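What follows is a set of notes on a single structure, which appears directly below.
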Amino acid sequence: MSCAALLFLLLLQSSFCFANRKLLVFLIDGFRYDYMDDLQNLPGFREIVDNGVKVDYLTPDFPRRHCEVHQMTGNYMWDEGSNKEFLIGTNLDSRLPLWWNGSEPLWVTLQKLGKRVYMYYWPGCEVTILGVRPTFCEEYVYNPTEKNLTDAMENALNALKSNKADMAAIYYEKIDVEGHHFGPHSPEIDRAVHSLDQAFQTLNLKIKEKKMREEINVVMFSDHGMTQIKWMEKVIELDKCIEMSNIIKIMDRGPVVSLWPKLDKFEEVYQNLSKVENIKVYKKHDIPDRYYYKDGRFVSTLTLVADPGWFITEVSEKMDDVVEFSEDSETKVSGK
Ligand SMILES: *[C@@H]1O[C@H](CO)[C@@H](O)[C@H](O)[C@H]1NC(C)=O
Ligand SMILES: *[C@@H]1O[C@H](CO)[C@@H](O)[C@H](O)[C@H]1NC(C)=O
Ligand SMILES: *[C@@H]1O[C@H](CO)[C@@H](O)[C@H](O)[C@H]1NC(C)=O
């Protein structure tokens, strides 16, 4: 998951009756804009679309967009001042409010208004943000199972039905995991999308069984898409272009990489990287304004952005265990 680029949004009811309805939110990681094109064969999704709205497109917001607003520069961050690292889902320091309190998440706003929010597997729900936590947080674990998902749906509906919760939010990672391993055009993605559809068929049924059709709105969104890359051919290995001992800190790999070179080598590193094909190198203050990025709290002194389909990494040896497909620069979005 990274800074949000909403891919689609569905509301269960076409009448926009927000005032009294409770809200059930799904964040489906890495769900590419076209995974649900074949609605005829996805009855779970289809029923939701038929009862609501689906956005036709949105404006691409890559790379790492609007971090000046929320300060979440990426999944991997470094705070130079405190020398602390944010390594999503893996280190204790990633739970420090420092990373999370750059803006106010929706659940914090609701809790402040005296509403109760139940959250399932949602990264960050365990963090105290601006002094607030959700009423309930089933902590994030890597790649929750389909059973975890359907259990979460059942529990969320029950919490909403019994007035224990005003909003419930569920994060689901499997689509992203399969996309990274097998690519967006794979049978594995097809299977994962169809089993997610099964889960939504069950959800639709339960909403009816529990007589909640007039009681809730359902919103679904995704944070990014996925593009196929030619592994091994389109990889930029930084240690072939620069002396890594001149780098104080490097964060992330893939389409966007953050670099903090030693001060006295800064220009030389910049010059060397400027000559590398298929990447763009930005000094912090040269990052285009339109990304709303450069004044972010955790933005590095150099930011590398790969051309679409290219992947930036520090050294090739480390690549055996990594994903085969990059998190996407492909933010192209079309209609249904
Ligand atoms: C966010 O957390 C940091 C570190 O704890 C603190 O310095 C900062 O004042 C906090 N910001 C807000 C808006 O509370
Ligand atoms: C999620 O699923 C795993 C594997 O089936 C199970 O061990 C775990 O208890 C489940 N988590 C929750 C919170 O139900
Ligand atoms: C820049 O490239 C030159 C030529 O390849 C190399 O000798 C030098 O070490 C590089 N500089 C840095 C700071 O990596």
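Just so it is clear, none of the values below were taken in a lab; they were calculated from the coordinates. Since the structure is predicted, the reported quantities are computational estimates derived from the model, not experimental observations. For neighbour counting, all protein chains shown are included, and Cβ atoms are generated from backbone atoms with ideal geometry for every residue, glycine included.
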> How would you classify the range 127-176 from its alpha-carbon gyration tensor, with a ≥ b ≥ c the square roots of the eigenvalues: rounded for a/c under 1.5, else prolate if a/b is greater than b/c, otherwise oblate?
Replying inline: oblate
> Between the range 148-215 and the range 41-108, how many Å separate their Cα centres?
Replying inline: 19 Å
> Using the Cα gyration tensor of the range 22-66, with a ≥ b ≥ c the square roots of its eigenvalues, what is the shape: rounded (a/c below 1.5), prolate (a/b larger than b/c) or oblate (neither)?
Replying inline: prolate
> Sorted by packing (mean other beta-carbon atoms within 10 Å per residue), highest first, where do 151-158, 234-241, 207-214 land?
Replying inline: 151-158, 234-241, 207-214
> Calculated FRET efficiency, Glu277 and Asp93, Cβ-Cβ r, R0 41 Å, to nearest 0.05?
Replying inline: 0.70
> To the nearest 20 debye, what charge dipole does the chain have about its Cα centre, counting +1 at the Cβ of each Lys and Arg and -1 at the Cβ of each Asp and Glu?
Replying inline: 1340 debye
> How do Ser258, Ser103 line up, fewest other C-beta atoms within 10 Å first?
Replying inline: Ser103, Ser258
> How far is helix 146-161 tilted, in degrees, relative to the longest principal axis of the Cα atoms in the chain, given as a value from 0 to 90 rounded to the nearest 10?
Replying inline: 50 degrees
> How much mean residue ellipticity at 222 nm does the chain get from its helices, if each DSSP H run of length 4 or more adds -39500 (n - 2.57) and you divide by all residues, to the nearest 500 deg cm²/dmol?
Replying inline: -7000 deg cm²/dmol
> Rounded, prolate or oblate: which fits the range 8-221 when a ≥ b ≥ c are the square roots of the eigenvalues of the alpha-carbon gyration tensor, with rounded for a/c under 1.5 and prolate only if a/b beats b/c?
Replying inline: oblate
> When only DSSP loop residues count, what trypsin sites (Lys or Arg not before Pro) in the range 109-170 have their Cβ near at most 14 other Cβ atoms within 10 Å?
Replying inline: Lys164
>> Run the reach check for Lys275 against aspartates and glutamates, Cα to Cα strictly under 13 Å, same-chain hits fewer than 8 apart removed. What comes back?
In response: Glu267
> Taking a quarter of the surface of the convex hull around the Cα atoms of the range 235-318, what do you get in nm²?
Replying inline: 5.4 nm²
>> I need the phi-derived Karplus couplings for the range 272-286: 6.51 cos²θ - 1.76 cosθ + 1.60, θ = phi - 60°, integer Hz, Gly and Pro marked x.
In response: 4, 6, 4, 8, 6, 6, 6, 10, 10, 10, 10, 6, 3, 7, 8
